[in-house]
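Notes follow the structure.
The values are calculated or read from the model by the stated rules, or taken from the named source; none is laboratory data. The structure displayed is predicted, hence computed values, not measured ones. Methodologically, a virtual Cβ is constructed for each residue, glycine included, from the backbone with ideal geometry; neighbour enumeration extends over all protein chains shown. Remember, those area values only see protein heavy atoms, side chains included, never the ligands or the DNA or RNA. Shrake-Rupley method; radii C 1.70, N 1.55, O 1.52, S 1.80 Å.
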Amino acid sequence: MKNKQLLLPKILLLFGLFFLIPNQSEAQFLKKLKEKAEKKIEREAEKRAERRVNKKIDKEFDKAEGILDGKSKEKTTENEGNSNKNLKDANNSNNTNVNDVVEKSNKPNVVWSRFDFIPGDEVIYEDEPSTDEENGEFPSRWDLNEGNAEIINVDGTNVISFPQGGSVVPYLKNAKDDYLPEIFTIEFDAYFRPEYARRIFLDFFDKKNQRNNENKTIHFYNNSVTIGDSSGTIPDQKGNWSKNGGWRHFSIAYTKGKLKVYIDETRLINIPHANGNPKGITFEMDGYAADKPEDIQYMKNFRIAKGGVKYYDRVLSEGKIIVNGIKFDTNKATLKPESMGPINEIYQLMVDNPTINFSVEGHTDSDGDDANNQTLSEARGKSVMDKLTEMGISESRLKYTGFGESKPIDNNTTPEGKANNRRVEFVKFSGTTSTNSTTTNNNNSAFNQLDKKTIAIKLESLPESINIPISNNSGSINGKGTIILYATSDGNLGKMEILDVDENDNHKLTVKYVTYNYNGSVLSKSNNLEIQGTYTCDLDKGKTEDVIYSEKDFHLGIQDSKTATLYNGETAILKILK
């Protein structure tokens with residue numbers, strides 16, 4: 001009994017902080033969650049150790065601190081009043097701990113974007129290099145300035161190596177002319193040897209055909225970049241040392257004198273007024289006469305692109321956004337990390353403009369089989385759409401399709417033309433569905449129309465349920481197509497749809513689900529989660545194996561060969577959408 005008296009105030013404090021959610025409907029529903037949890041804990045108080053409860057309270061304090069630090073925005077004065085009232089009630093229960101929370105709430109809400117790179121719209125020079133290049137020969141799309149440069153093959157891919165060091169310039173007909181526009185981007189991948197690596201240099205003029213115009217050399221190292229008096233290093237890394245070495249992706253953005261330089265997804269240089277007038281490119285890599293084959297460094301995927309109009313302006317004027325900077329693994333739909341720059345920009349555009357909906361459309365060049373290109377373009381469109389929904393954009397505002405090589409915007413005879421044709425387009429559409437897509441997307445289904453707010457309202461109105469029968473001796477009860485709304489053991493709301501029940505495999509369930517954070521963004525999701533018979537599931541993490549008992553949201557119980565039932569976790573709630 002003494003344990004019970006000690007536990008109850010802590011639980012009341014926990015829920016006083018846990019449910020700081022401004023929506024009234026959600027608050028009413030979550031109030032029931034609180035009452036249910038209190039009763040549950042009261043029944044189990046004699047059995048549970050106080051240590052475990054304290055651990056849970058600490059976890060919820062962390063969440064509360066996150067809310068107070070600005071991770072969950074209170075938008076109205078009324079909401080702020082409700083939050084202050086909850087905090088006051090909590091103070092009355094435990095002044096010391098809540099004061100700690102209040103002190104931490106004074107921290108500034110810092111938003112710092114370190115990766116804002118957006119590739120140019122039109123590719124004006126590109127060299128991968130091509131698979132047609134012969135091993136050991138000089139790269140055909142470059143001209144030698146000094147030293148050495150050769151094509152070698154690494155892991156099945158042609159790259160440009162610099163044995164004993166060398167520098168090259170793009171091989172162009174009018175190399176003496178200024179071929180860099182006032183807004184441009186440069187990207188390339190470079191491999192660095194393990195431990196202390198060789199340096200890379202890039203100049204904004206063609207050393208073989210042009211004169212310098214006060215342009216300063218950019219020095220690239222394994223983990224850092226230097227230009228003149230400006231330098232930057234990736235946090236917690238040494239400038240030019242790495243135990244294992246490996247590939248790095250470098251990006252440069254030049255906008256009318258403003259210069260930004262990135263390594264992978266981190267911006268390291270940001271100069272508002274760079275000296276000189278960029279006219280061309282010279283690429284140089286260090287090397288020494290005593291270098292062994294394992295010391296050689298190399299580069300690939302060099303691209304220069306002309307900049308363009310902001311995404312929002314493009315949507316207004318053209319109704320679509322053409323993006324060349326979303327990149328995938330070769331012949332796959334797997335997004336490369338550097339793709340997140342333009343994807344982040346599209347995401348922010350949709351957040352700022354909630355009436356804009358996009359059809360995500362994949363396109364390829366003409367290399368390869370027509371049918372394979374069609375399939376690949378559709379998969380890439382879906383991959384980008386999935387990334388945006390994972391970030392929190394409603395599925396009802398997106399759809400995807402692909403056109404393979406059928407809609408080129410440039411020639412397919414040059415590397416630059418092919419690069420422009422390999423693209424993702426974001427085409428604006430009205431409403432929540434469209435019939436002109438080559439891929440059928442049921443974005444207007446009941447499942448896809450459910451957002452966090454709607455789920456909270458419906459959970460409040462639906463009748464209580466202890467378990468959900470899946471099948472019995474008479475056959476299927478709640479099978480394919482059944483939509484289940486839930487509140488997880490951690491208090492997050494979500495939705496789940498049954499896609500299949502395999503009676504021949506111990507009633508294995510295949511479901512798709514989405515669990516939402518407090519602010520409505522996606523915490524976890526899957527379009528194909530398999531749950532074996534007798535297994536438990538944690539919908540906060542999407543786990544069906546090694547689930548901690550206290551984090552269990554439900555388990556699939558098997559009574560006999562014909563009967564299967566979903567049983568709620570201790571503090572989770574599951575209800576069928578009627």
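Some points to look at:
- Qualifying residue in the stretch 537-547 (condition: on the phi > 0 side of the Ramachandran plot and open to solvent by less than 60 Å² (accessible area, probe 1.4 Å)): yes
- Among the residues of the stretch 217-242, the ones that are closer than 20 Å to PRO272 by Cβ, of a type in the set (A, V, I, L, M) and under 27 Å from the mean Cα position of the chain (by Cα) come to 1 in all.
- Restricting the search to helices (runs of 4 or more DSSP H) fully inside the stretch 311-422 and requiring at least 3 residues that are open to solvent by 30 Å² or more (accessible area, probe 1.4 Å) and more than 24 Å from HIS249 (Cα to Cα) gives 311-318, 370-391.
- Total residues in the stretch 273-309, condition in a loop (DSSP other than H, G, I, E, B) and over 30 Å from LYS320 (Cα atoms): 18
- Filter result for SER561 (in contact with a Lys or Arg (Cβ under 8 Å, 6 or more places away or on another chain) and either among the small types (Gly, Ala, Ser) or touching a residue at least 40 places away in the same chain (Cβ under 8 Å) (or both)): no
- Failed criterion for LYS207 (all others in (1) among the basic types (Lys, Arg); (2) at pLDDT 90 or above; (3) out of contact with any Gly (no Cβ under 6 Å at 6 or more places or on another chain); (4) within 25 Å of ASP264 (Cβ to Cβ) hold): (4)
- Taken together, LYS243, LYS279 contain a single residue that is within 25 Å of ILE296 (Cα to Cα) and of a type in the set (D, E, K, R), which is LYS243.
- Filtering the stretch 512-535 to residues that are open to solvent by less than 40 Å² (accessible area, probe 1.4 Å), under 22 Å from PRO469 (Cα atoms) and modelled with pLDDT under 90 leaves LEU529, ILE531, GLY533.
- Verdict on LEU566 being buried (at least 17 other Cβ atoms within 10 Å of the Cβ), of a type outside the set (Phe, Trp, Tyr) and within 27 Å of the chain's Cα centre (by Cα): no
- Some residue of the stretch 259-275 being under 21 Å from GLU128 (Cβ atoms), open to solvent by less than 70 Å² (accessible area, probe 1.4 Å) and polar (S, T, N, Q): no
- Residue pairs meeting the criteria (Cβ under 7 Å; at least 6 apart or on separate chains; first in the same structural domain as ASP352 (by the TED database) and on the phi < 0 side of the Ramachandran plot, in the stretch 390-408; second at pLDDT below 90 and of a type in the set (Asp, Glu)): SER394/ASP451; GLU405/ASP370
- Among the residues of this structure, LYS292 does not count as one that is surrounded by 13 or more Cβ atoms within 10 Å (Cβ to Cβ) and out of contact with any strand residue (DSSP E or B) (no Cβ under 7 Å at 6 or more places or on another chain).
- Strands (runs of 3 or more DSSP E) completely within the stretch 112-162 that count 1 or more residues being among the small types (Gly, Ala, Ser): 142-147, 157-161
- When residues of the stretch 221-239 are limited to those that are of a type outside the set (Ser, Thr, Tyr) and open to solvent by 30 Å² or more (accessible area, probe 1.4 Å), the one nearest to MET340 (Cα to Cα): PRO235
- Of the residues making up the stretch 424-482, those that are under 30 Å from GLY120 (Cβ atoms) and modelled with pLDDT under 85 number 6.
- Of the strands (runs of 3 or more DSSP E) lying entirely inside the stretch 163-214, those containing at least 1 residues that are open to solvent by 10 Å² or more (accessible area, probe 1.4 Å) and closer than 16 Å to ILE252 by Cβ span 183-192, 200-203.
- Every residue from the stretch 499-511 that is open to solvent by less than 20 Å² (accessible area, probe 1.4 Å) and polar (S, T, N, Q): THR510
- Of the criteria (1) open to solvent by less than 20 Å² (accessible area, probe 1.4 Å); (2) touching a strand residue (DSSP E or B) at 6+ places or on another chain (Cβ under 7 Å); (3) touching a residue at least 40 places away in the same chain (Cβ under 8 Å), which one ASN448 fails: (2)
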